[in-house]
Amino acid sequence: MAIRRPIVTAVLVFASLSACAPASVGGSGLRGRGSSPSPPANPADHIVVIVMENHEASSILGSSEAPYLNRLARRSVLLTNEYAIRHPSLPNYLALVGGSTFGVTSDCTDCSVDARNLVDQLERKGISWKAYMESMPRACFTGAFAGTSPNEYAKKHDPFMYFDDVRTSEKRCARVVPFGRLTKDLKRGLPQFAWITPNECHDMHSCSIATGDAWLKVWVPEILPALGTDGILLLLFDEGSSDASCCSLPTGGGHVVAIVAGPGAKQRTKIETEVDHYSVLRLIEDEWGLKRLRHAGDDTTPSIDGWRAGS
């Protein structure tokens, strides 16, 4: 595993937070054992992930600007102690898909990762997948940004385009698509795993909490009925505004909102266990009997238990 980066200096969106990663690094820290328990008797039909941006849990929960998100949190499973891995955004996205930050400490757009990832696991198990990126101009777009304002597509929020074996594969890259494809797929059937990144306005990065909440109010009710009998929606924020952490990390990316919703999840439940984004990846892997990747398999990474309907 290695991060490859050209000689040209990486573009830094949050330059004040951290420096770029070294030219070549592997997955840092303790390597997990990679084991996984047997999948449940009735695994989720579908798992959909939506990632919002840059708000501490305290700025969302109870906020009058987020009535829909708060209603969803009350009616679903709220992870009351979910923590991001670090700042800025990109390392958290890589963690959710690869089980490591791979030494990335910035929002670099000219870096890449040569490492096994969730896509490899899904395809090996025969599980269909697709990533929907709002304001992405076309499938397999490799640019750093798209649009005429900062409120549109940003590569730093699209982890799939950083992994070499996705970006350089014509077949795989064709599954990283503009968000507009979602409407058709909701009608004809979602892939088993779907990742959704709103644009920089709708994810609350560059626009208000109220704007992002209104976007969720439109789309989450469209998605939930398409999840099947046991499907779930994982809705979480990439990072907060603090350095709060858990699970043996000395510093982290803040305390963030994370919700498990859908027909496969309990209703009106709070899970108080301290967990982080590696725990979220572990949940996805365990649900389908996939081998835990890197820090998702660490002894210090807690599992997210007690969310399943009927348990």
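The values are calculated or read from the model by the stated rules, or taken from the named source; none is laboratory data. In this text the structure is predicted, and so the values were computed from the model without any measurement. Positions of Cβ are backbone-derived with ideal geometry, glycine not excepted, and every protein chain shown enters the neighbour counts.
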- request: Being polar (S, T, N, Q) and either over 30 Å from HIS295 (Cα atoms) or touching a Leu at 6+ places or on another chain (Cβ under 6 Å) (or both) is the filter here, so list the residues in the stretch 117-154 that pass it.
  value: GLN121, SER135, THR148, SER149, ASN151
field: ALA214 being in contact (Cβ under 8 Å) with a residue 40 or more places away in the chain and out of contact with any strand residue (DSSP E or B) (no Cβ under 8 Å at 6 or more places or on another chain)
entry: yes
- request: Could you identify the single residue in PRO198, PRO191 that is touching a Gly at 6+ places or on another chain (Cβ under 8 Å) and within 17 Å of VAL48 (Cα to Cα)?
  value: PRO198
field: Candidate set from the stretch 254-290 (those that are more than 21 Å from HIS46 (Cβ to Cβ) and among the basic types (Lys, Arg)); member that is farthest from the chain's Cα centre (by Cα)
entry: ARG268
task: Determine whether GLU65 is in a loop (DSSP other than H, G, I, E, B), modelled with pLDDT of 95 or more, surrounded by fewer than 20 Cβ atoms within 10 Å (Cβ to Cβ) and acidic (Asp, Glu).
output: yes
- prompt: When you scan the stretch 217-245, how many residues do you find that are touching a strand residue (DSSP E or B) at 6+ places or on another chain (Cβ under 8 Å) and under 16 Å from ASN92 (Cα atoms)?
  reply: 10
query: Using beta carbons and a limit of 9 Å, which pairs, at least six apart or on different chains, have the first residue in the stretch 33-62 and closer than 16 Å to ASP213 by Cβ and modelled with pLDDT of 95 or more and the second one small (Gly, Ala, Ser) and not in a loop (DSSP other than H, G, I, E, B)?
result: MET52/GLY212; GLU53/SER89; GLU53/GLY212; ASN54/SER89; HIS55/GLY212; ALA57/ALA258; ILE60/ALA73; LEU61/ALA73
